[in-house]
Amino acid sequence: MLVRVQNPAGTDAERALIDWLRTWKDPGSPHGVATINCSLFHRDQLHQFDAVVWTPTSCVVIEADVPDTDDGGVLDVPLNGSWTIDGSPVAVGRDKRTPLERSREHTHALQDWLSARGLGQRAVHGVALIIPPRGTSLEIRQAWSDPSFDAILGNDPGRLRHYFDTLSQSEKHLWTANDVAVAFRGLGLLPYLPAPQELLNEGFIGPIDIALWHGGPNQAQAEAYAEELAQLERDARPPLVRAPWFSPWKLYPGESGDIDMGRAWMRTTLAIGMVIVAVWAAWFVLSLLGTYILD
């Protein structure tokens, strides 16, 4: 998982989320790119995202918060309305809205914004990640089910990882490297856009439009990647004239990344010898023609 942090001075919940995402480095971990503390201005409203995570199969808006409580208990998460712990109202987050309400608003805004850019077929999911205060024990009671929204208890990174693993099995392979680049450019995140090869390594599919990287810090890497692909295509093309088996370059081929003076000497000597033989043969034929035919 690639992690791009736009503003490192976040909340405790955001810093915990960053630490968890950065541990997803093994082959079995969720793959993708996460942007922390990014924003979207859409329909005259500013939407502040704690995190947006793109994977090859999904886009997830994460709202990470810590409940304002010193006691543990059961956190009731209704589909609509206030959240409570053991029946008592509890504040979660930076305003009066619940994390689920904020996540729903942010998710709908991002979905609508993507649709206006031709990416409306990509589903956007919302997650309210609830991290218990230090020293408290918390449980979540969620009496509803919605495929687009979920509330996850963040007492360890395993639950969030399981969420992404489950999501990757249920969604189709939709997000390409170009799609991610379009989203990054539109959200003003071009300085944080990973290089094409990094996105391909994370499982996003190509082809690559290097113009989407122009103006960013990874423009040179994108152009180098395009040149590397072009060179591979040129190398894969069959030669217009195939050398015979007795060609010096067939008998003593060069080796990539290595200089063999012995092979180079044999190729050069054999090539010079063949030129001398060809010249002598041409002279011999011309002499015969001049002696026996023209006279």
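The values are calculated or read from the model by the stated rules, or taken from the named source; none is laboratory data. Predicted model, so just to flag it, every value in this text is computed and none were measured. Reconstructed Cβ throughout: ideal geometry from the backbone, glycine too, with neighbour counts over all protein chains shown. The accessibility values were calculated without ligands, DNA or RNA, using every heavy atom of the protein model including side chains. Shrake-Rupley method; radii C 1.70, N 1.55, O 1.52, S 1.80 Å.
Could you tell me what % of all Cα pairs in segment 1-142 have separations over 19 Å? Considering segment 1-142, 55 percent of its Cα-Cα pairs are separated by more than 19 Å. Length, then width, then depth: along the principal axes, the Cα atoms of the chain run 121, 39, 33 Å.
Normalised by residue count, segment 181-232 yields a Cα convex hull volume of 72 Å³ per residue. With the charge dipole of the chain set up from +1 on Lys and Arg Cβ and -1 on Asp and Glu Cβ about the Cα centre, the Cα lying farthest toward the positive end among the listed residues THR98, VAL61, ALA271 is that of ALA271. Using a probe of 1.4 Å, the accessible surface attributed to SER148 totals some 40 Å² when neighbouring protein chains are kept in position.
Between the helical axis of 99-115 and the dominant principal axis of the chain, each derived from Cα atoms, what acute angle in degrees is found, rounded to the nearest 10? It works out to around 40 degrees.
Order GLU233, GLU105, most accessible first, counting only protein heavy atoms with a 1.4 angstrom probe. Can you show the working numbers first?
Working: GLU233 115, GLU105 75 Å².
Sorted descending by solvent-accessible area, the residues read GLU233, GLU105.
Would you give the gap between the C-alpha center of segment 76-118 and the C-alpha center of segment 36-63, rounded to a whole Å? Cα centres, segment 76-118 to segment 36-63: 13 Å. Here the chain carries DSSP beta bridges of which approximately 50% are antiparallel, counting only pairs with both residues inside. Could you check which residue among VAL277, VAL33, VAL90 shows the biggest mean-square fluctuation in a GNM of the chain with a 10 Å Cα cutoff? Result: VAL277 has the largest fluctuation of those listed. Beta bridges from DSSP with both residues in segment 80-160: antiparallel share about 40 percent, rounded to the nearest 5.
Of the heavy-atom accessible surface of segment 46-192 (probe 1.4 angstrom), what whole percent is carbon and sulfur? The C+S portion of the solvent-accessible surface of segment 46-192 is 48 percent.
Between PHE284, PHE41, PHE164, which gets the highest mean-square fluctuation from a Gaussian network model of the chain, Cα cutoff 10 Å? Highest fluctuation among the options: PHE284.
Using 1/(1 + (r/R0)^6) with R0 = 41 angstrom and r between the beta carbons of ALA116 and ASP68, what's the FRET efficiency to the nearest 0.05?
Numbers: r = 37 Å, r/R0 = 0.89.
Working from the Cβ atoms, E equals 0.65.
Calculated on the Cα set of segment 80-188, radius of gyration then Dmax: 16.1, 47 Å.
Summarising the strand pairing of segment 85-220, around 25 percent of its internal DSSP beta bridges are antiparallel. Under a Gaussian network description of the chain, with springs only between Cα atoms under 10 Å, the residue in GLU171, GLU101, GLU63 that fluctuates furthest is GLU171.
Taking a ≥ b ≥ c as the square roots of the eigenvalues of the Cα gyration tensor, segment 73-112 is prolate, since a/c reaches 1.5 or more and a/b is larger than b/c.
Quick one: putting +1 on the C-beta of Lys and Arg, -1 on the C-beta of Asp and Glu, what dipole do you get for the chain around its Cα centre, in Debye to the nearest 20? Mind dumping the intermediate values first?
Values: 24 positive and 36 negative charges, 183 e Å.
Charge dipole of the chain: 880 debye, to the nearest 20.
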